[in-house]
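Colleague: Take this structure, written in structure tokens, and hold onto it; I'll ask about it next.
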Amino acid sequence: MSAALFRATSLLEALQQQPLTRFFFVGIVVTAVDFGIFNALVLLHGDPSTAYIVFANTIAFAVAANVGYQLHSRFTFRVGRQWRSFWAYVAVAVIGVTIYNASLLGLLWLIGSDHPIALNVAKVGAVGFASTWNFQGFRLLAFRPRDGRAAR
């Protein structure tokens, strides 16, 4: 049993060395914040219009992006927080929320429903599109170490 525990610990330590793995774990926390705020706003409104859904998604994304900046700078990419990286993060996030909202609207149109479950299913799909952009944008633009190499 000791050897199996040692291998599992070694595997976990190896995974923690990969920025994509760290991005995934931070992403779980950030996504929970995003979905929690989004669903609270939708439930408070009752019968949301398409414009309100985009508004709620943007507010939820903005709060989650702030949490994400703090966690990604410290844990995922392990770089210091600086004004340059913050503004680059904001620029990547603005493009990310545009991708996120466009994907959400497109998926809602394909699903053809605005039921809360359909909203969350579409949101899961939209997270996938936005996360692809966000990881690359954060890695290459916002959290690039001073030596110019992409974070590893």
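Since every read-out is calculated from the coordinates, none of them should be taken as a lab result. These numbers were taken from a predicted model, which means no experiment stands behind them. Counting neighbours? That spans all protein chains shown, and the Cβs are built from the backbone with ideal geometry, glycine included.
Colleague: Based on Cβ point charges of +1 for Lys and Arg and -1 for Asp and Glu, what charge dipole magnitude is obtained for the range 49-145 about its Cα centre, in debye rounded to the nearest 20? Show your work: numbers first, answer last.
Modeller: Details: 7 positive and 1 negative charges, 114 e Å.
Computed about the Cα centre, the dipole is about 540 debye.
Colleague: Still on this model: So if we plug the beta-carbon distance of GLN18 and ILE95 into 1/(1 + (r/R0)^6) with R0 = 30 Å, what FRET efficiency do we get, rounded to 0.05? Display every interim value, and only then the final one.
Modeller: On the way: r = 24 Å, r/R0 = 0.81.
It comes out at approximately 0.80.
Colleague: Another question, then. Could you tell me the distance between the Cα centroids of the range 56-76 and the range 107-134, to the nearest Å?
Modeller: 18
Colleague: May I pose another question? Which one of THR21, PHE61, LEU41 is farthest out on the positive end of the charge dipole of the range 18-142, using unit charges on Cβ (Lys, Arg +1; Asp, Glu -1) and the Cα centre as origin?
Modeller: THR21
Colleague: Putting +1 on Lys and Arg Cβ atoms and -1 on Asp and Glu Cβ atoms, find which of LEU119, ALA88, TYR100 reaches farthest to the positive end of the dipole of the range 18-142.
Modeller: About the Cα centre, the residue reaching furthest to the positive side is ALA88.
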